[in-house]
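A short worksheet on the structure shown next.
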Amino acid sequence: MTRYRLTYAAQADIVSILAWSHDRFGEEARKRYEALIATAIREAATGGDEVGRTMRPELGDGVFSWHLAQSRTRSPGGKVHRPRHFLICRIDSDVMVVGRVLHDAMELRRNLAPLQPWE
């Protein structure tokens, strides 16, 4: 599978993460993190057979997470030393849907309810 889509919530998460990164660490750091997020999304979509995926049954059937740290050595934007975010995804037919991009210190259930629709 190589197809994916981002929900509006995931898009908003990415915009917020990149703005914070830019404000805190500067343009070059933001570009590195942006490249890492893109790499992680592609790798999660092509990972197949659960490799690198952490299943999250508490969030619904087929929901899994993918930590950005798993992709940091393959990001073309340069190395991000300690990525702190992960993707929350599920497979919808033949498309991977990224529902949220969350900080690894966040409480999952507060940010993605199991019965909440993924637009």
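We did not get these values from a lab; they are worked out from the coordinates using the rules stated. Every value quoted in this text rests on a predicted model; they were computed, and no experiment measured them. Positions of Cβ are generated from backbone atoms using ideal geometry, with glycine treated the same way; all protein chains shown enter the neighbour counts.
When only Cα pairs under 8 Å and 6 or more residues apart are kept, what is the percent relative contact order across segment 11-108?
Dividing the mean separation by the residue count of segment 11-108 yields 24 percent.
So if R0 is 25 Å, what FRET efficiency would Ala12 and Lys79 give, r being the distance between their Cβ atoms, rounded to the nearest 0.05?
The value I calculate is 0.40.
Hey, in the GNM for the chain with a 10 angstrom Cα cutoff, which one of Val101, Val63, Val15 fluctuates hardest?
Residue with maximal mean-square fluctuation among Val101, Val63, Val15: Val15.
Given the Cα-Cα distance of Trp20 and Asp92 and 0.36 nm per residue of separation, how much length would full extension add, in nm?
Stretched fully, the Trp20-Asp92 segment lengthens by 22.9 nm.
For the chain, with only Lys/Arg (+1) and Asp/Glu (-1) charged at the beta-carbon, what is the dipole magnitude about the Cα centre, in debye rounded to 20?
Computed charge dipole of the chain: roughly 380 debye.
Which order do the peptides 53-59, 69-75 come out in when sorted by mean C-beta neighbours inside 10 angstrom, highest first?
Answer by packing, highest mean first, reads 69-75, 53-59.
How big, in percent, is the set of alpha carbon pairs in segment 1-52 lying more than 19 Å apart?
Result for the distance tail: 36 percent.
Under the Kirkwood approximation applied to all pairs of distinct alpha-carbon atoms, what is the hydrodynamic radius of the chain in Å?
Its Kirkwood hydrodynamic radius stands at 14.3 Å.
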